[in-house]
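Bear in mind that the values in this text are calculations on the coordinates, not laboratory data. Fair warning: this is a prediction, and the values are worked out from it, not measured in the lab. Heads up, the Cβs are rebuilt from the backbone with ideal geometry, glycines too, and the neighbour counts pull from every protein chain shown.
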Protein chains: 2
Amino acid sequence: MTETFTSHAEAHSPQSPIAHFDASQPLAMSAGVMLAPFSIAYQTYGRLNADKSNAILLCHALTGDQHVASVHPITGKPGWWSALVGPGKPIDTDKYFIICSNVLGGCMGTTGPASLNPATGKPYGLDLPVVTIADMVRAQAMLVQRLGIETLFCVAGGSMGGMQALQWAALFPDRVFSVMIIAAAARHSAQNIAFHEVGRQAVMADPDWRGGRYLEEGVRPAKGLAVARMAAHITYLSEEALQRKFGRKLQNRTEKTFSFDADFQVENYLRHQGSTFVDRFDANSYLYVTRACDYFDLAQDYGGSLAAAFMNSPTRFCVVSFTSDWLYTTAESRVIVHALNAAAASVSFVEIETDKGHDAFLLDETDFIATTRGFLAGAARARGLDT
Amino acid sequence: MTETFTSHAEAHSPQSPIAHFDASQPLAMSAGVMLAPFSIAYQTYGRLNADKSNAILLCHALTGDQHVASVHPITGKPGWWSALVGPGKPIDTDKYFIICSNVLGGCMGTTGPASLNPATGKPYGLDLPVVTIADMVRAQAMLVQRLGIETLFCVAGGSMGGMQALQWAALFPDRVFSVMIIAAAARHSAQNIAFHEVGRQAVMADPDWRGGRYLEEGVRPAKGLAVARMAAHITYLSEEALQRKFGRKLQNRTEKTFSFDADFQVENYLRHQGSTFVDRFDANSYLYVTRACDYFDLAQDYGGSLAAAFMNSPTRFCVVSFTSDWLYTTAESRVIVHALNAAAASVSFVEIETDKGHDAFLLDETDFIATTRGFLAGAARARGLDT
């Protein structure tokens with residue numbers, strides 16, 4: 001087995017604590033199989049209080065990871081939610097004990113397609129069963145239990161992280177005091193499935209994908225994965241944001257070159273997004289996490305009624321959407337809110353005005369910061385955390 | 001040179017009339033070079049009247065062709081605008097003489113990257129200068145002149161065809177009595193450039209692209225081109241249309257397979273769109289036509305003022321947009337209308353209510369059909385065609 005690529009090294013020996021679960025603690029997967037052994041790589045920030053009542057689980061998005069507020073071991077960049085998580089920040093590491101784990105199917109140390117399959121000694125590749133959002137959440141629940149925490153003060157996440165937060169509330173209502181669902185949906189739309197399928201086809205069209213066995217063969221479908229990332233990245237930004245940031249501005253030139261170079265800044269930006277992504281992410285993992293989103297349809301597990309997923313839930317909910325997010329629209333958030341209302345759950349809903357598109361949930365958006373701070377403060381009072 | 005692929009055969013010996021232009025009639029290209037010789041493949045429908053006043057030039061969209069109302073020689077399908085063009089139809093072949101030519105840079109017989117470069121005896125590949133919308137239009141103008149037509153009764157087109165129609169009005173105001181600009185824009189937005197760049201990168205990422213020389217090497221970047229088409233196809237449909245047509249419906253199965261098969265109908269549909277496209281279209285042509293759109297910014301050629309492009313224009317304009325078209329939005333059409341108003345041009349503007357997205361311009365949309373019929377009838381009366 002070659003270990004040429006940083007992303008692969010991080011997949012099997014991450015710079016994070018790991019919780020190992022052996023054959024005695026298998027994970028029951030949606031695909032109908034038991035997964036054992038498996039591992040979860042995670043980070044924590046802040047300190048767990050004496051009665052273990054101040055733990056917040058943050059769920060990462062599609063290509064995120066456990067480094068929510070710590071430097072990324074491959075890119076060297078600050079954690080993906082540094083805007084929200086830290087001392088004195090809305091998700092305050094001085095007050096709360098923050099847990100963030102790499103999702104099942106990921107490539108940053110939690111069991112995923114780049115992990116070694118103990119049955120063969122080779123990377124799983126596509127032999128890992130297809131992972132669902134519920135699988136990710138059941139694995140997280142085992143980690144939380146391992147950490148000795150009975151009830152989480154909050155589970156929060158944006159995008160695919162919001163799906164996990166929803167799934168937590170549905171599967172473990174008594175183990176989550178509050179939930180924040182940000183820029184997410186209770187099911188993946190046809191358009192979103194379509195964009196994901198384009199990404200998967202781009203990966204699988206790359207001859208270096210080798211039917212998913214590229215790690216064994218010492219290659220990597222970098223071009224296909226870069227194209228997948230480029231297509232996806234367009235959906236993370238609003239048309240307005242692209243126009244404002246780039247418009248038709250040329251890249252380091254005053255005239256068009258009449259060639260297929262990246263004449264426009266937006267082309268250069270996209271190419272950069274694609275090429276940097278492949279250094280930190282595993283192509284098969286991309287297939288797994290996109291598939292998990294596409295398969296997500298919470299109502300389906302409850303006889304077609306989303307409200308049934310939350311009936312008699314004691315959890316306090318906060319649902320957040322962004323006006324210019326066309327990937328997970330406000331309409332999708334309203335579907336969640338209506339279901340929570342129908343289930344007589346406690347829910348706040350905030351639509352944040354911004355032109356930054358889906359990516360707004362990762363950014364230092366004033367109203368979003370204030371919403372998060374306010375919701376957690378209220379929940380903390382209700383939980384008796386500040387007294 | 002191999003001739004394995006139908007699309008390539010059609011590129012150099014099309015089942016259409018061809019106008020050849022030799023070294024004495026070069027085309028002055030925007031790239032600053034003269035192209036000669038070159039050829040234009042075209043179709044005509046209906047009959048030119050005695051005073052040659054009833055000719056309509058229809059301009060095709062990105063991957064369209066001259067077979068506007070005749071069976072496509074490769075796919076065997078009806079012409080792409082059969083809904084609008086034919087006896088008794090809004091663009092009435094009993095009344096008008098319809099011309100439609102394959103665009104410069106295309107692959108259906110007009111000079112494009114799959115055509116033989118007379119200097120080398122091999123296909124041009126990327127040695128063909130980058131083509132602009134203005135180049136396409138100047139080539140069409142030479143064809144129209146060759147056909148002995150001084151003034152066109154109308155130039156009409158949707159999407160990239162609408163850009164050509166706009167460019168016609170700007171370059172040759174005295175040679176177009178009326179113009180219909182449908183689902184188009186006066187310049188390509190950052191988001192549209194971004195989607196095109198993803199498509200180009202998908203093509204160029206395919207190792208069978210061979211730096212653009214695949215025809216000489218008897219291969220074809222089919223997978224890359226299919227991915228490009230899949231990504232583009234999503235942008236042609238509205239989110240509502242995708243939801244209505246496909247939603248989360250499964251493809252010939254009752255349960256998800258927990259695999260990377262095309263479980264969802266929308267996945268299957270996209271894969272089909274990708275795989276059928278590569279049978280009829282040349283990958284390098286796809287690079288050229290997308291680049292032509294991206295380079296399009298009509299105002300830039302007139303000191304940044306779109307109105308200046310139409311000052312004192314005698315042409316009658318009709319601008320049409322579709323409510324659910326997010327590729328070329330109503331806002332983009334309004335920019336054109338405002339410029340035409342500022343130039344004191346005669347303009348009608350119609351926004352058609354539909355959930356079918358950008359593709360609506362190709363479909364049998366009642367209000368669109370009525371708009372086209374009405375606009376042409378009014379123009380015909382003004383031109384004295386019906387008397």
Going out from 0 in 20 Å bins, what whole percent of all Cα-Cα distances in the protein assembly as shown drops into each bin?
16, 45, 28, 10, 0
Going 7 Å from Cα along the Cα-Cβ axis for the label, what nanometre distances separate A:Ser348 from the same residue across the other copies?
5.4
Give me, ordered by chain and number, the residues 5 or more places off B:Arg316 or on other chains with an amide H under 5 Å from its own placed amide H.
B:Ser178, B:Val179
With a 10 Å Cβ neighbour count serving as the proxy for reagent exposure, in which order, fewest first, do B:Ile40, B:Ile369, A:Ile182 appear?
B:Ile369, B:Ile40, A:Ile182
Evaluate the stretch B:310-387: find the radius of gyration of its Cα atoms, find its Kirkwood radius, and give the ratio Rg to Rh.
1.01
Any idea what the A:Arg213 label distances to the other copies are, label 7 Å down the Cα→Cβ vector, nm, shortest first?
3.3
Contact order normalised by residue count of the stretch B:192-290, Cα under 8 Å, 6+ apart, percent
30 percent
What is the projected area of the convex hull of the Cα atoms of chain A, averaged over all directions, in nm²?
19.1 nm²
What list of ³J(HN,Hα) couplings, whole Hz, do you get for the stretch B:35-41 from phi and the Karplus terms 6.51, -1.76, 1.60, once you set θ to phi - 60° and write x for glycine and proline?
9, 6, x, 8, 10, 10, 8
Would you mind telling me the antiparallel percentage of the DSSP bridges in chain A, rounded to 5?
35 percent
For chain B, set up a Gaussian network in which alpha carbons nearer than 10 Å are linked by springs, and say which option among B:Pro129, B:Pro118, B:Pro73 fluctuates the most.
B:Pro118
A:Val144 neighbourhood, Cβ < 9 Å, K/R = +1, D/E = -1, net charge +1
Can you work out the Karplus-derived ³J(HN,Hα) for every residue in the stretch A:192-197? Use 6.51 cos²θ - 1.76 cosθ + 1.60 with θ = phi - 60°, whole Hz, and x for glycine or proline.
5, 4, 4, 4, 5, 5
Please work out the Cα center distance from the stretch B:111-168 to the stretch A:366-387, rounded to the nearest Å.
62 Å
Amide H within-cut-off set for B:Phe296, under 5 Å, with H built and near neighbours excluded
B:His188
Using a cut-off of under 14 Å, list every residue of the stretch A:64-101 whose amide N is near the label point 7 Å from the Cα of A:Arg373 along the Cα-to-beta-carbon line.
A:83-93
Bins of 10 Å, starting at 0 and running to the largest distance - Cα pair percent for the stretch A:226-379
10, 27, 31, 22, 8, 3, 0
7 Å from Cα along Cα→Cβ at both A:Ala119 and A:Ala36: what's the point-to-point distance in nm?
1.5 nm
Over all pairs of different Cα atoms in the stretch A:192-291, the reciprocal of the mean inverse distance gives a Kirkwood radius in Å of 14.6 Å
Given points 7 Å out from each Cα along the Cα-Cβ axis, report the A:Arg244 to A:Asn49 separation in nanometres with one decimal.
3.8 nm
Surrounding net charge for B:Asp65, when Lys and Arg each add one and Asp and Glu each subtract one, Cβ distance under 13 Å
0
Using DSSP, restrict attention to beta bridges with both residues in the protein assembly as shown and report what percent are antiparallel, rounded to the nearest 5.
35 percent
Suppose you put the label 7 Å out from Cα in the Cβ direction; list, shortest first and in nm with one decimal, how far A:Arg253 is from each other copy's label.
4.6
Please check which bits of the stretch A:29-69 a label hung off A:Lys77 would reach, taking the label as a point 7 Å along Cα-to-C-beta and the cut-off as backbone N under 12 Å.
A:63-65
When averaged across all projection directions, what area in nm² does the alpha-carbon convex hull of the stretch B:304-355 cover?
3.6 nm²
Across 10 Å bins from 0, what is the distribution of all Cα-Cα pair distances for the stretch B:57-206, in whole percents?
10, 36, 37, 15, 2
When chain A is treated as a Gaussian network with springs between alpha carbons less than 10 Å apart, the largest mean-square fluctuation among A:Leu242, A:Leu57, A:Leu215 is found at A:Leu242
Taking a cut-off of 19 Å between Cα atoms, list the lysines near A:Lys95, but don't count ones fewer than 8 places away on the same chain.
A:Lys52
Most fluctuating residue given options A:Ser259, A:Ser321, A:Ser159, as computed from a GNM of chain A linking Cα atoms under 10 Å:
A:Ser259
With x for Gly and Pro, the residue-by-residue ³J(HN,Hα) of the stretch A:211-219, computed from phi through the Karplus equation 6.51 cos²θ - 1.76 cosθ + 1.60 at θ = phi - 60° and given in whole Hz, is x, x, 9, 5, 5, 4, 9, x, 10
